[in-house]
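These notes are about the structure you will find just below.
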Amino acid sequence: MRSPDERILLCIYGLSKKNRVFCALMKWVCKLSSAVFFLAYILGAVWSFVSETAHGEVIVYFAAPASTLGISYMIRFIVKRKRPHQAIADVTPFVDKSDAKMRKRDSLPSNHSTSAAAIALALLAVSSCAGIVALAAAALTGLSRVAVGLHYLGDVLAGFVLAAGMHVAWMQISGL
């Protein structure tokens with residue numbers, strides 16, 4: 001009997017198996033999202049310094065994503081959830097899994113989804129327009145991680161919740 005997380009994964013992953021265009025799009029998003037979010041984060045940092053961004057917002061911009069990713073790694077170390085391709089025989093990632101590091105990494109939470117959400121929320125703190133676009137891109141990043149067979153939806157959602165929680169916590173700490 002499969003868990004709901006496994007059933008959802010197999011449904012979205014199955015769509016990738018059946019639809020080459022969807023699969024190609026998800027592979028493309030999966031490969032490029034880290035670079036896109038890194039660039040967006042750097043541009044947002046520059047914007048926060050050259051614009052009239054409040055001191056508290058700058059603190060949130062830098063502290064929330066950094067602490068979110070640190071906690072994400074700690075959760076992975078404790079939980080040690082296997083990736084779908086390690087736990088389900090029917091799943092073979094649509095991206096190159098020959099990288100030895102990737103084969104040994106745990107699944108919960110999805111660090112790509114966590115950092116995408118954390119950066120999107122940071123951007124939202126300095127530019128509502130950029131933040132909204134980044135939140136949509138973060139959702140697409142999360143979908144891509146499931147569609148290519150690297151994460152369960154629960155891994156992605158856990159990363160989103162962690163990012164949102166840390167963002168709210170840092171907003172409270174900085175008085176926003």
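Here are a few things to note about the model shown:
- Pairs of Lys in the chain closer than 20 Å at Cα, counting only those 8 or more apart or on different chains: 15
- Two-decimal Rg to Rh for segment 4-173 - Kirkwood Rh, Cα set: 1.00
- Label-to-label distance for Ile173 and Lys82 is 3.6 nm, based on points extended 7 Å past Cα in the beta-carbon direction.
- Label-point gap, in nm, between Met1 and Met74 - each point 7 angstrom along Cα→Cβ: 3.5 nm
- FRET efficiency for Cys11 and Cys129, using Cβ-Cβ distance with R0 set to 30 Å, rounded to 0.05: 0.35
- Prolate/oblate/rounded call for segment 1-99, Cα gyration tensor, a/c under 1.5 rounded: prolate
- Inter-centroid distance (Cα atoms) of segment 1-65 relative to segment 105-163, Å: 4 Å
- Listed residues Ala120, Ala147, Ala63, most fluctuating in the chain (Gaussian network, C-alpha, under 10 Å): Ala63
- Whole-number percent relative contact order across the chain, with pairs defined as alpha carbons under 8 Å at least 6 apart: 35 percent
Every number in this text was worked out from the coordinates using simple rules, so none of it is lab data. If you're wondering where the values come from, they're calculated on a predicted model, not measured in any experiment. Neighbour counts are summed over all protein chains in view; Cβ atoms, including those assigned to glycine, are modelled from backbone coordinates with ideal geometry.
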